[in-house]
Amino acid sequence: MRHFKNLVRPYLVWSFLIIVIPLFLIFMYAVTTNGNSLINIQFTLDNFKKFIEPVYITVFMKSIKLGAITVAICLILGYALAFIISKFKEKTQDILILFVTVPMWINMLLRTYAWMSLLSDNGVVNSLLGFLGIDPIKMMYTDFSVIVGLVCNFLPFMIIPIHTSLAKMDKSLIEASYDLGANPVQTFFKVIFKLSLPGVVNGVIMVFLLSISTFVIPKLLGGGQFVLIGNLIENQFISVGDWNFGSAVSLILAIIILVLISVMKKLDIDGMQKGA
């Protein structure tokens, strides 16, 4: 037991340095005014009140909108791909899941630049359309380009948890459903989907949180005119220099994440109980 404690101590020290201290600093910046010294600290909630101004509420609602659209597309595509993969033999499933994760090995910035070359006015897609005699389509710096970037970058985070739930599913329950007279549609919605609900919830939460908090994809594919919560935080720290308001927005985002994780855990428990 003593040896185990000795092994845990370096991890606790490391966690304190890279997690606890940064979070504490963010909290202190969020609840203090700009230009405070350690001797004369003035606490305030003005940084949080500033977030409810119309311009920032618009940014928040835009983030929720694009995040919800991204989640919906990823859920449809991800569930279909995960379901198809789960039908293969176990070794084949491992290979197919590997193909799903391979794009994640490439830096997200490089993947986003690749989409810029594909969707630009003189890009591959418009060049192909021109070859077919079709007028070029404006795709860059639109909702479409941002959503395409979000979906393609975060789709694996939907596929993997859903596939995990489907792969661990007791196949005898599906056979029992057919024996009791259920058709394939009824079996899917009343047995397969309910049993895979924990994976669905995990995927939805991960994709949604990544979508609303990213700043690289909207900045590059949106041309800087698409400001999501992640972009707002980046601008406050890098461009504006208002670390207090940036910390407050970061703290608000952290609270949203904690609330969603709590909902996720509740749905996980409910899904397991329904599956049982």
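The values are calculated or read from the model by the stated rules, or taken from the named source; none is laboratory data. Just so it is clear, the model here is predicted, and its values are computed rather than measured. Quick reminder, even Gly has a Cβ in these numbers, built from the backbone with ideal geometry, and neighbours come from all protein chains shown.
Taking segment 200-223 as the range and being outside any helix (DSSP H, G or I), over 17 Å from the mean Cα position of the chain (by Cα) and within 20 Å of PHE154 (Cβ to Cβ) as the test, only GLY222 passes.
Among the residues of this structure, ALA82 counts as one that is of a type outside the set (Val, Ile, Thr) and touching a helix residue (DSSP H, G or I) at 6+ places or on another chain (Cβ under 8 Å).
Being within 21 Å of VAL200 (Cβ to Cβ) and in a helix (DSSP H, G or I) narrows it down to one of LEU81, LEU110, so name that one. Talk me through it step by step, then tell me what you get.
On the way: LEU110 fails: within 21 Å of VAL200 (Cβ to Cβ).
Every option except LEU81 fails the conditions.
Of the residues that make up segment 224-234, is at least one closer than 24 Å to ALA114 by Cα, among the small types (Gly, Ala, Ser) and in a loop (DSSP other than H, G, I, E, B)? Yes, segment 224-234 has at least one match.
Residues in segment 105-125 that are surrounded by 15 or more Cβ atoms within 10 Å (Cβ to Cβ) and either aromatic (Phe, Trp, Tyr) or in contact with a Pro (Cβ under 6 Å, 6 or more places away or on another chain) (or both): 1 in all.
Restricted to segment 45-68, and to residues there that are among the charged types (D, E, K, R) and not in a loop (DSSP other than H, G, I, E, B), the residue that is farthest from the chain's Cα centre (by Cα) is ASP46. For segment 235-245: of the residues being of a type outside the set (A, V, I, L, M) and part of a helix (DSSP H, G or I), which is surrounded by the fewest Cβ atoms within 10 Å (Cβ to Cβ)? Ranking the qualifying residues of segment 235-245, first place goes to SER239.
The C-beta contact set for segment 25-51 (first residue under 15 Å from VAL249 (Cβ atoms) and basic (Lys, Arg), second residue buried (at least 16 other Cβ atoms within 10 Å of the Cβ) and modelled with pLDDT of 70 or more, distance under 6 angstrom, 6+ apart or interchain) comprises LYS50/PHE245.
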